[in-house]
1. R0 = 45 Å: FRET efficiency of residue 113 with residue 186, Cβ-based, nearest 0.05?
2. Report, to the nearest 10°, how far helix 185-194 tilts away from the longest principal axis of the Cα atoms in the chain, using its own Cα long axis and a range of 0 to 90°.
3. Sticking with the crude label model, points 7 Å out along Cα→Cβ, report the distance from residue 15 to residue 174 in nm, one decimal please.
4. Could you work out the relative contact order of the chain? I mean the mean sequence separation of Cα pairs under 8 Å and 6+ apart, divided by the number of residues, in percent.
5. Note down the relative contact order for segment 8-86 as a percent, whole number, built from C-alpha pairs under 8 angstrom at least six residues apart.
6. Where does segment 8-86 land on Rg(C-alpha)/(2.2 N^0.38 Å)?
7. Report which label in [x] 30, 22, 17; [y] 38, 18, 17; [z] 26, 22, 16 holds the value of semi-axes √(5λ) of the Cα gyration tensor in Å derived from the coordinates of this structure.
8. If you place +1 on the Cβ of every Lys and Arg, -1 on the Cβ of every Asp and Glu, and leave all else neutral, what size is the dipole of the chain about its Cα centre, to the nearest 20 Debye?
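Bear in mind these aren't lab numbers, they're just calculated from the coordinates by the rules spelled out. Remember, predicted model here, so these are calculated numbers, not experimental data. All Cβ positions, even for glycine, are placed from backbone atoms using ideal geometry, and neighbour counts span all protein chains on display.
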Amino acid sequence: MFTGIIQAIGTLTQIDSRGGDCRLCIATGKLPMDEVRLGDSIAVNGVCLTAVGLGPQAFCADVSRETLSRTTLGQARAGSPVNLELALLPTMRLGGHLVSGHVDGIGRVLNRRDDGRSWRFELEAPAALARYIAEKGSICIDGVSLTVNAVQGARFGVNIVPHTLAETTFGKLQPGDAVNLEVDLLARYLERLLQGDAAAEPAGGVSLELLKHTGFLS
């Protein structure tokens, strides 16, 4: 588990193709690596990866076909900056929100504009994720825990303060760029729970009939 509070901007230094999937090597910058061990989890642009190789301020991780197809890591290039966060410890403050590192889909930056000393970003999520995004709810974008300011259909907006702009890859994001999205854990599990016994059916889903049956609609 992670918090969505980025600890360092790293650099993707090497991509080794291996039988359809790949191994990534990442320079970790100022990420505190003193207590990192083989097998530990590290979030890379919001994707939970397992360290299979360690070096001085660097680590390597294997990335499966599933992860390559469902995240922006499939489009990554050597030299790309990446947001890094070590796994959450029980003694740490939960400064953001609970983030699993399991990306739900790829979104896209539509525009960015300055707003005082902050920046407003408008993004578009895949249609299937729109129902999980709520105004003033939480969302994780490229590993960064953010509050949703506004929602219109599959489009939503977030505000990036100067510190976040400087300490994450948001400073480099431009309209058209792809980003990893992870919706709030509670929203995802609530939908599944509402299905009740219907969750075991192949075509299970939340419908008006189901909401009426469970008392959410009269």
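1. Between residue 113 and residue 186 the formula returns 0.90.
2. The answer is roughly 30 degrees.
3. Each label point lies 7 Å from its Cα, and together they span 1.9 nm.
4. 21
5. Rounded, it is 39 percent for segment 8-86.
6. 0.98
7. Recomputing semi-axes √(5λ) of the Cα gyration tensor in Å here gives the entry labelled [x].
8. The calculated dipole for the chain is roughly 400 debye.
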